[in-house]
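Student: This is the structure I want to talk about, given as C-alpha cells.
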Amino acid sequence: MKPLLLFTCLSYLLSASCSLWSQDPQQQIEGMHSAFVPYFTGPILTPSAHNASPGEFLIQPYIFLKNRYAEFNNSRHSENITNLFTLKESLVYQMGLSDLLDFAAVLNAEQRWQGGEQSSGLGDTQIEFGIQLMKEKQSRPALRLTMTESLPTGKYQNLTPGKENLQAIGSGSYETSIAFNVTKTLYWMWRHPLSVRASLQYTIPAPLNVQGCNAYGGGSETKGRVRPGQSVGINTSIEISLTQKWALACDLAYAYQSRSRFSSKKAGSNRSKKTQMLLPPNDTLSCAPAIEYSVSENMGFLAGAWFTITGRNSARFAAGVLTMTYSW
C-alpha cells in the first residue's frame, strides 16, 4: 500500500512538472499572474526575510507546551528522565521603521513542572533590528540581515541543587546574534504556490559570573565564571498552500553549541585554588510540522508540533505549538 501511494504521489509531481516546463515563457508568466496569492502565516521556527513595512505593526503571541522526557548523551543515545513539562508564552512585537529597517522585541515567560514540583518566572528578553538587504521579486528572493541582543532577564543561579532543569529559566548571559534570512515564493504549481525559507544564525554569548547552584553546574557554595560556547543555528522551512487561506508548513532546524568553560571555587576556600571544567559541545536536530489558516493577509493562525530527531548532550523533547499573527 505504501509503495503504491508513493508511486502515485511521484507520478502526480512528475506530470505537474512536465506540464509546467512544456509551456512557453509567456504561458508561464500568464499562469503565474492568474494564480492566487497565498496568505502564508509563516512556519514555527524559521524567520521571515521580509521586514515590516514602514509604519506597519505586528504582534504574534506563541504558546509552547513541551515535555522534556529524555536526554541525549555524548554517544547520541537517549536516556529517560523524569518528565519535565514546560508551558512557555512568548509575545513578538514588530514595527517597521523605514524601507530598509525594522525593530522587534520578544518577551518570554515559563511555568515548569517535574516530579510534583513547580517553578515559574520570566525568561530572557530579545531585541532585534532587521535590515532589508534585498526585496523579493519574481526572479529573486528576499534577503534580510538581523542583529539580535538577548538580555538575561530570566533566573539562572541560586537554584536548589538537583533541580537546575526545573528552576533555570534564563541563561544569565548577554547574547549577541547575527542572522541571514532568505525567503522565496515559488509558483511551481499554479494552484498550490509554495514558500521556502532558510536562515543561518551565529550567536556569541558574553562571559558571566555565577554564584550558588546555577544553570551551568556547581553546588550551593559555588562561585565561578562561565564562558558559554558560541553557537550556530541552521533552519529551513517550506509552506505549501492548499487554498488561499489554508497551508501546510514544516521546519527542519539544526543547532550546535561549542564547549563552554566553567571556572569555580568554593566560598571560603583558598582563592588560588580553582576547579576548571569543560562543558561538552552539544547539538540538536529537530522538526516542526504545522497547519496554517489565515483569515486575511493581516491575520492568521497556526497549530503544530515540534520534536527532536537526534542530538548530543542535549534534551530530547516533544511539544505542541499554537500561535497567531496580526498586523495593521
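Since every read-out is calculated from the coordinates, none of them should be taken as a lab result. Remember, predicted model here, so these are calculated numbers, not experimental data. Methodologically, a virtual Cβ is constructed for each residue, glycine included, from the backbone with ideal geometry; neighbour enumeration extends over all protein chains shown.
Student: Compute the signed sum of charges (Lys and Arg +1, Asp and Glu -1) over the other residues within less than 11 Å, Cβ to Cβ, of Phe36.
Tutor: Here the count lands on +2.
Student: Separate question: Which entries of Lys155/Lys245; Lys163/Lys223; Lys88/Lys245; Lys66/Lys155; Lys66/Lys135 have Cα-Cα distances beyond 30 Å here?
Tutor: Violating the 30 Å limit, Cα to Cα: Lys155/Lys245; Lys66/Lys135.
Student: May I ask which residue of Gly130, Gln60, Pro280 lies farthest towards the positive end of the charge dipole of region 40-327, with charges of +1 (Lys, Arg) and -1 (Asp, Glu) on Cβ and the Cα centre as origin?
Tutor: Going by the Cα projections, it comes out as Pro280.
Student: Quick one: Karplus J couplings for region 129-146, per residue in order, coefficients 6.51, -1.76, 1.60, θ = phi - 60°, nearest Hz, x for Gly and Pro?
Tutor: Karplus-based 3J(HN,Hα) across region 129-146 equals 10, x, 10, 7, 6, 7, 8, 6, 9, 4, 9, 8, x, 8, 10, 9, 10, 10 Hz.
Student: Students often forget the sequence filter, so: which aspartates and glutamates lie under 16 Å Cα-Cα from Lys184 once same-chain residues fewer than 8 apart are removed?
Tutor: Glu136, Glu239, Asp251
Student: Per residue of region 281-292, in order, report the coupling 6.51 cos²θ - 1.76 cosθ + 1.60 (Karplus, θ = phi - 60°) as ³J(HN,Hα) in whole Hz, putting x for Gly and Pro.
Tutor: Taking θ as phi minus 60°, the curve returns x, 9, 8, 8, 10, 9, 9, 9, x, 7, 10, 10 Hz for region 281-292.
Student: Okay, moving on. Using Cα centres only, tell me the gap between region 101-153 and region 205-239 in whole Å.
Tutor: 18
Student: With 10 angstrom as the radius, rank Ser120, Ser314, Ser139 by how many other C-beta atoms surround their C-beta, starting from the fewest.
Tutor: With the fewest neighbours first, Ser120, Ser314, Ser139 line up as Ser139, Ser120, Ser314.
Student: Further question: Report the label-to-label distance for Tyr326 and Ala303 in nanometres (one decimal), using points 7 Å from each Cα along the Cα→Cβ vector.
Tutor: Distance between the two pseudo-spin positions: 1.9 nm.
Student: Sort Met134, Met324 so the one with the fewest other Cβ atoms within 10 Å of its own Cβ comes first.
Tutor: Lowest to highest Cβ neighbour count: Met134, Met324.
Student: Considering only the other residues whose Cβ falls under 13 Å of the Cβ of Phe301, what net charge follows from Lys and Arg at +1 and Asp and Glu at -1?
Tutor: 0
Student: May I ask you to sort Ile178, Ile240 by Cβ crowding, counting other Cβ atoms within 10 Å and putting the fewest first? Please list the in-between numbers first.
Tutor: Details: Ile178 13, Ile240 20.
The most exposed by this proxy come first: Ile178, Ile240.
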